[in-house]
1. Every residue in the stretch 10-68 that is in contact (Cβ under 8 Å) with a residue 60 or more places away in the chain and under 21 Å from Met131 (Cα atoms), please.
2. Looking only at residues that are aromatic (Phe, Trp, Tyr) and at pLDDT below 85 in the stretch 21-37, which one is nearest to Ala84 (Cα to Cα)?
3. Out of the stretch 201-238, which residues are more than 30 Å from Gly182 (Cα to Cα) and of a type in the set (S, T, N, Q)?
4. Would you call Tyr28 of a type in the set (Phe, Trp, Tyr) and in a helix (DSSP H, G or I)?
5. Does Met189 fit the bill of being in contact with a helix residue (DSSP H, G or I) (Cβ under 7 Å, 6 or more places away or on another chain), aliphatic (A, V, I, L, M) and surrounded by fewer than 17 Cβ atoms within 10 Å (Cβ to Cβ)?
6. Which residue out of Leu119, Leu109, Leu96, Leu55 is surrounded by fewer than 19 Cβ atoms within 10 Å (Cβ to Cβ) and either assigned to a helix (DSSP H, G or I) or not assigned by TED's automatic domain parsing to the domain that holds Leu24 (or both)?
Amino acid sequence: MPTNGFRLFKVFGITVYLHWSWFLIAVYELQSRKGAYQSFGWNVAELLSLFGIVLMHEFGHALACRSVGGMAERIVLWPFGGVAYVSPPMRPGAWLWSIVAGPLVNVILVPVTLGLMYLPGTSDLKNFFTMIAEINLGLLIFNMLPIYPLDGGKILWSLLWFVMGMGRSLMVASVIGMAGAGALVLVAMYFGEIWLVAISLFVVFQAFVGFKNAQMLRRRETLPRRSGVACPACGAAPPIGPFWVCSTCHARFDAFDYPTACPGCGKPHKWNTCLDCGARAPFAAWGVHMPTPQGVVSQTGQPPL
């Protein structure tokens, strides 16, 4: 079993996993909602419908990411919702579309689920359709709160990115996220909503992780950059310094001073990874003058030590 859950299926090149803790929450939800319908089968149908709505939401993220040239190969369904592991190109517009597409699925489902409430049927069927409409609308409203890492908070980050840059905008969004999620914890505790307390604490932690990532990005943005070379994917000039790590010996080195092999163990490499966008490309695509057999010359004009 993969560490991120049970593998369910693969479609459109995207593998869907179900985290093991989902089963614990499923049992709790089925027990807590017992008696909501005359037949217990409707409780199961309600839970599976929630599963389906969350899954469609995450596929919205994943497919939108792919439409802008990003990578999206995995979705994990957790008790607190789903996570689509997406890597859009490092442009604010690409990130904005990849994030907005998830809630957009719920927006499309709003008239559908509301319309189902007016269909004729048994009391259980009517209760079921009403609950599904409430679930979809509730997920949409909660997700759109401007609290990072909820979709609303990530949308705020992407919009700020246009004017403030990636690192600073993430720092602002994550600070707002920690404050907003902290307020949600207090409200949930006041009303005795234990489930909301747990979700809000999880959001606080993820917002703190976002803040730490923002600090790292801010430090990277201030590093001196190498002239004459640029990432072919995002156009960023690489920072100068030992920021690349050999996968074999774990030595840290500047990949542009050693564009053919690791200086620690001699492992050859022909590709380089952009520290800004994560894209991989041959050194020649970066504009690097590859060394001749007579010697290695770095972009700084000095032979590597």
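The values are calculated or read from the model by the stated rules, or taken from the named source; none is laboratory data. Just so it is clear, the model here is predicted, and its values are computed rather than measured. Quick reminder, even Gly has a Cβ in these numbers, built from the backbone with ideal geometry, and neighbours come from all protein chains shown.
1. Step one: of the stretch 10-68, the residues in contact (Cβ under 8 Å) with a residue 60 or more places away in the chain are 13-17, 19, 36-39, 42, 45-46, 49-50, 53-54, 57.
If the condition is that a residue be in contact (Cβ under 8 Å) with a residue 60 or more places away in the chain and under 21 Å from Met131 (Cα atoms), then Ala36, Tyr37, Gln38, Ser39, Trp42, Ala45, Glu46, Ser49, Leu50, Ile53, Val54, His57 are the ones that fit.
2. Restricting attention to the stretch 21-37, the residues satisfying the condition of being aromatic (Phe, Trp, Tyr) are 22-23, 28, 37.
This time we only want the ones that are at pLDDT below 85, so: 22-23, 28.
On the way: Trp22: 16, Phe23: 19, Tyr28: 25 Å.
Only one residue fits best here, namely Trp22.
3. Step one: list which residues in the stretch 201-238 are more than 30 Å from Gly182 (Cα to Cα), which gives 222-238.
Thr222, Ser227 - these are the residues of the stretch 201-238 that are more than 30 Å from Gly182 (Cα to Cα) and of a type in the set (S, T, N, Q).
4. Details: of a type in the set (Phe, Trp, Tyr): yes; in a helix (DSSP H, G or I): yes.
Here the answer is yes, as Tyr28 does meet what is asked.
5. On the way: in contact with a helix residue (DSSP H, G or I) (Cβ under 7 Å, 6 or more places away or on another chain): yes; aliphatic (A, V, I, L, M): yes; surrounded by fewer than 17 Cβ atoms within 10 Å (Cβ to Cβ): yes.
Yes: the conditions hold for Met189.
6. Details: Leu119 fails: either assigned to a helix (DSSP H, G or I) or not assigned by TED's automatic domain parsing to the domain that holds Leu24 (or both); Leu109 fails: surrounded by fewer than 19 Cβ atoms within 10 Å (Cβ to Cβ); Leu96 fails: surrounded by fewer than 19 Cβ atoms within 10 Å (Cβ to Cβ).
From the options Leu119, Leu109, Leu96, Leu55, the qualifying one is Leu55.
Conditions tested, residue by residue: (1) at pLDDT 95 or above; (2) β-branched (Val, Ile, Thr); (3) within 21 Å of the chain's Cα centre (by Cα).
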position	(1), (2), (3)
Gly177	yes, no, yes
Phe191	no, no, no
Ile194	no, yes, no
Ala198	no, no, yes
Leu201	no, no, yes
Gln215	no, no, yes
Arg218	no, no, yes
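Here's the yes/no breakdown for (1) in contact (Cβ under 8 Å) with a residue 24 or more places away in the chain; (2) out of contact with any strand residue (DSSP E or B) (no Cβ under 7 Å at 6 or more places or on another chain):
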position: Arg225; (1), (2): no, no
position: Phe243; (1), (2): yes, yes
position: Thr248; (1), (2): no, yes
position: Cys265; (1), (2): no, yes
